[in-house]
């Protein structure tokens, strides 16, 4: 083994050990969230070394610290490096609570004034985007225990309540009350029997379709009228 290769392997091992130490100290809730919500996760070590969502959060926290210290240029540099490395773009100005799990992550975008609560789950392709050109709050606020399905877009300064499930590819442009589901384009709200959903529901595909439900109700009324007319004229 050449001396150069030995030095490289030593440096690599030190960096990996340092990474594991940092993640173990400062990302315990995120690691726990990944193990709880991803059935493919086999243990803490693979999560710390190979999950892009966790890496993206690491770069976000460094960038966010610089952003708060009024160093936006360096914050954006680190943010863009994290984006290049993971495929996940998190603006340094966003505010993210503990326990965020970004599954797969490719194409996820979290805008500057976004606010994310505790124990939120984002699947690949999710956008928390802004509307308009004003400098104030223009990105969404997500409550606790929110699950946003793959490809969903949540746009503008709107509020998504606690325990909300957003269906895959939904486009949400209005506030969503707690304990609800949102499906469709534009997003339509359907309550889950008016009861709080316990825990975090990771199923973001088996969601009610309000349009289909309305059409079924309309068809039922048509069938009822047709039957009444047949009974009337058959006499």
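I want to verify a result. In a Gaussian network model of the chain, Cα cutoff 10 Å, which of these has the top mean-square fluctuation: 219, 80, 124?
219
Stretch residue 40-residue 133 to full length: gain in nm at 0.36 nm per residue minus the Cα-Cα span?
Values: separation 93, 0.36 × 93 = 33.48 nm, distance 4.07 nm.
Between residue 40 and residue 133, full extension yields 29.4 nm more.
As I understand it, the value is the acute angle between the Cα axis of helix 52-68 and the longest principal axis of the Cα atoms of the chain; what does it come to in degrees, rounded to 10?
On a 0 to 90 degree scale, this one is about 70.
GNM on the chain, C-alpha springs below 10 Å: top fluctuator among 186, 178, 52?
Among 186, 178, 52, the largest GNM mean-square fluctuation belongs to 186.
Would you list 220, 55 from fewest to most Cβ contacts within 10 Å?
Values: 220 10, 55 20.
The order, fewest Cβ neighbours first, is 220, 55.
Under the definition of Cα pairs under 8 Å and six or more residues apart, what whole-number percent is the relative contact order of the chain?
Details: 481 pairs, mean separation 22.6, N = 235.
Averaging sequence separation for qualifying contacts and normalising by length gives 10 percent for the chain.
Expressed as an acute angle from 0 to 90° and rounded to the nearest 10, what is the orientation of the C-alpha long axis of helix 3-26 relative to the principal long axis of the chain?
Value to nearest ten degrees: 50.
With everything on Cα atoms, drop me the angle between helix 210-233 and the longest principal axis of the chain, reported from 0 to 90° to the nearest 10.
Relative to the chain, helix 210-233 is tipped by roughly 10 degrees.
Under a crude label model (7 Å from the Cα following the beta-carbon direction), how far is residue 81 from residue 224 in nanometres?
Taking the two extended label points, one gets 6.6 nm.
Return the equivalent ellipsoid semi-axes of region 1-55 as a descending list in whole Å, where each equals the square root of 5 times an eigenvalue of the C-alpha gyration tensor. Write out the running numbers ahead of the final one.
Values: eigenvalues 154, 28, 10 Å².
Ellipsoid semi-axes (Å, largest first): 28, 12, 7.
In nanometres, what is the gap between the two model label sites at residue 68 and residue 13, each 7 Å from Cα along Cα-to-Cβ?
With each label point 7 Å from Cα toward Cβ, the separation is 3.6 nm.
How high is the FRET efficiency between residue 214 and residue 174 when r is their beta carbon distance and R₀ equals 25 Å, given to the nearest 0.05?
Values: r = 18 Å, r/R0 = 0.73.
Step by step, r from the Cβ atoms, then E = 0.85.
Going by how many other beta carbons lie within 10 Å of each one, how would you line up 233, 60, fewest first? Intermediate results must be reported in sequence, preceding the final value.
Working: 233 7, 60 25.
In order of increasing Cβ crowding within 10 Å: 233, 60.
Quick note: the coordinates plus some simple rules give every number you see, no bench work behind them. All values derive from a computational prediction rather than experimental measurement. Virtual Cβ from ideal backbone geometry, glycine too; neighbours counted across all protein chains shown.
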